[in-house]
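Okay, so here's the structure we're looking at.
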Amino acid sequence: MIVVKHSFRHRPVINSRLLLNALRENYVLVLFSLSLIIGMIFGAVFARNADFTALNKLDFLFYSNYKARAVQPIISIFSASFASSFIFILVCFLCGLSMWGMFLIPAVLFFRGFGLGLTSGFLYAAYGFWGVLFNLVVILPGAFVCCLAILLAAREGTRFSRMIASCSVASQRGTISPPKMKPYLLNFGVILMIAFLAAVIDVVFSGCFAGMFSF
């Protein structure tokens with residue numbers, strides 16, 4: 001019995017150490033996730049003074065026109081969802097090609113979080129419980145996978161931007177080791193596949209549940 005108590009006593013310490021190690025190894029993703037969450041908070045606060053017209057104007061970036069999900073054909077839902085993800089992934093890709101891009105990428109995540117928070121906050125403010133339910137079962141499943149893809153794109157872009165910065169310093173010292181583009185392109189190819197999956201999830205959940213709501 002004493003041995004069992006001793007193992008349970010130390011188990012939280014071990015778990016906390018594993019958690020701290022995981023956070024340290026993935027600190028870039030943690031910081032980017034915080035930037036995304038802060039953007040969501042700002043978007044939710046801004047939603048108090050927003051209207052549907054504002055959401056409609058930002059639809060090409062965030063796919064925030066929730067009313068269209070119930071009436072648009074499947075191909076339109078898929079195209080709008082994938083295009084929204086693709087824009088942010090492309091910006092992360094282009095930022096990664098510059099040594100200064102690493103400083104701009106957090107703003108990309110903040111902006112994406114702002115759009116998600118704006119849509120979620122507006123649905124809650126305008127429709128209460130039914131808006132929250134619509135957000136949970138129609139928007140958030142695909143948005144979660146989309147945000148995951150953008151977070152991975154941000155990490156890859158930052159990593160490549162740092163490599164370019166290191167190469168710039170090395171060139172000044174006379175030792176040049178340019179970063180390889182092929183792995184960078186392949187990694188972003190995988191990220192686009194995740195964005196593709198997010199668009200498919202958007203289609204499935206929109207087709208199954210969006211028609212149950214009337215806004």
Inset, instruction - For the range 86-170, report the translational diffusion coefficient in µm²/s to the nearest whole number, using Stokes-Einstein at 4 °C, 1.567 mPa s, and a Kirkwood Rh over Cα pairs. - result: 92
Inset, instruction - Based on the mean of other Cβ atoms within 10 Å per residue, sort peptides 125-132, 42-49, 78-85 so the most packed one is first. - result: 78-85, 42-49, 125-132
Inset, instruction - Please work out how much length the chain gains when fully extended from S214 to F129, using 0.36 nm per residue of separation minus the C-alpha to C-alpha distance, in nm with one decimal. - result: 29.3 nm
Inset, instruction - Would you mind calculating the gained length between I74 and F46 on full extension (0.36 nm times residue separation, minus the Cα-Cα distance), in nm to one decimal? - result: 7.0 nm
Legend entry - Point-to-point label distance, V190-V204, nm (Cα→Cβ direction, 7 Å offset): 2.1
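Where a number appears in this text, it was derived from the coordinates with a stated rule and is not lab data. This one's a predicted model, so the numbers in the text were calculated from it and none came from an experiment. Cβ: placed from backbone, ideal geometry, glycine included. Neighbour counts: every protein chain shown.
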